[in-house]
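**Student:** Quick one: the structure is below, and I'll ask about it shortly.
Taken together, the values in this text are just the output of simple stated rules run on the coordinates, not laboratory data. Bear in mind the structure is a predicted one, so any value in this text is a computation, not a measurement. Please note: Cβ atoms are built from the backbone with ideal geometry, for glycine as well, and neighbour counts cover all protein chains shown.
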Amino acid sequence: MMPTGAHTIPPGDMFATTRWTMVLAAGQRSTPESDLALEELCRTYWYPLYAYVRRRGHTKEDAEDLTQAFFARLLEKNSLEGLSSERGKFRAFLLAALKHFLANEWDRASRQKRGGGSVHLSLDWESGDERYQCEVVDTLSPDLQYDRAWAVTLLERVVARLRDEHAAEQKAELFDALKPFLTMEKGAIPYATVATTLGMSEGAARVAVHRLRQRYREVLRAEIAQTLADPSAVTEELQALFASFAS
């Protein structure tokens, strides 16, 4: 396992210039950097929007068309006008913008060919629909379905980033063995079993799990920060996202 501080994010760097801050700073005069940041955010968080549109009652095909058309409009115009209370959170901005789009652009969007518009994001629609069928909760409102899908997407991104870090250090097998313990209560982790599996002492297994969980928290907060304009709002956003699982 890596030394405790090997991947630690310097306090000043974690929130220095987030992707969303970069987009906001560009305003109506987008820059190549802000355009790239916005596209990366959209490519990462497309599924919660798709899930929201599906939850609103649209078919799989219409949801694909609408989501793609929404991104085309957003990325072509870098349309940030009308931001108010949503300004600090990309999650809130994106949903507000999508609601406005759905209310005003359905007729135009429905006349476009699949993936119409000069901007096209290559997205895995098939797996998106399979995921929606597995995750949809009939008792949730579209807004809560969106928040829950956003939280799940965020966690998946964190786990993927952690695995990439370990793979780069030739420790992918170690990560795969320890990953299940990220979601277990500390007292429930069978350290003796982990130690046997990994061929290490129980004390070393405890240290390995502790370091992975510590890094997980760092990466989680860093990923959330990328979608916020205000660094102090990370804890609040974290609480809001995971509150969706209590609904």
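**Student:** Mind checking region 173-247 for GluC sites (Glu not before Pro) that DSSP puts in a loop (not H, G, I, E or B) and that have at most 11 other Cβ atoms within 10 Å?
**Tutor:** On the way: sites: 173, 185, 202, 218, 223, 236, 237; in loops: 185.
Here the GluC sites (Glu not before Pro) that fit, given the DSSP loop and packing criteria, are 185.
**Student:** Compute, for region 165-205, the length of the dipole vector about the Cα centre, with Cβ point charges of +1 (Lys, Arg) and -1 (Asp, Glu) only. Units Debye, rounded to 20.
**Tutor:** On the way: 3 positive and 6 negative charges, 18 e Å.
That gives a dipole near 80 debye.
**Student:** Using Cβ contacts closer than 10 Å as the measure, can you line up 34, 232 from fewest to most?
**Tutor:** On the way: 34 21, 232 9.
Arranged by neighbour count, lowest to highest, 34, 232 become 232, 34.
**Student:** Let me ask something else. Put a dot 7 Å past each Cα toward the Cβ at residue 202 and residue 218; how far apart are the dots in nm?
**Tutor:** So the two model labels end up 2.8 nm from each other.
**Student:** Distance between the C-alpha centers of region 211-232 and region 155-199? Whole Å please.
**Tutor:** 18
**Student:** For 219, 23, 137, which order do you get if you count the other beta carbons within 10 Å of each Cβ and list the fewest first?
**Tutor:** Details: 219 19, 23 25, 137 11.
Ordered from fewest to most neighbouring Cβ atoms within 10 Å, 219, 23, 137 come out as 137, 219, 23.
**Student:** Going by how many other Cβ atoms sit within 10 Å of their own, how do 184, 200, 22 line up, fewest first?
**Tutor:** Details: 184 12, 200 16, 22 19.
By the 10 Å Cβ count, ascending, the order reads 184, 200, 22.
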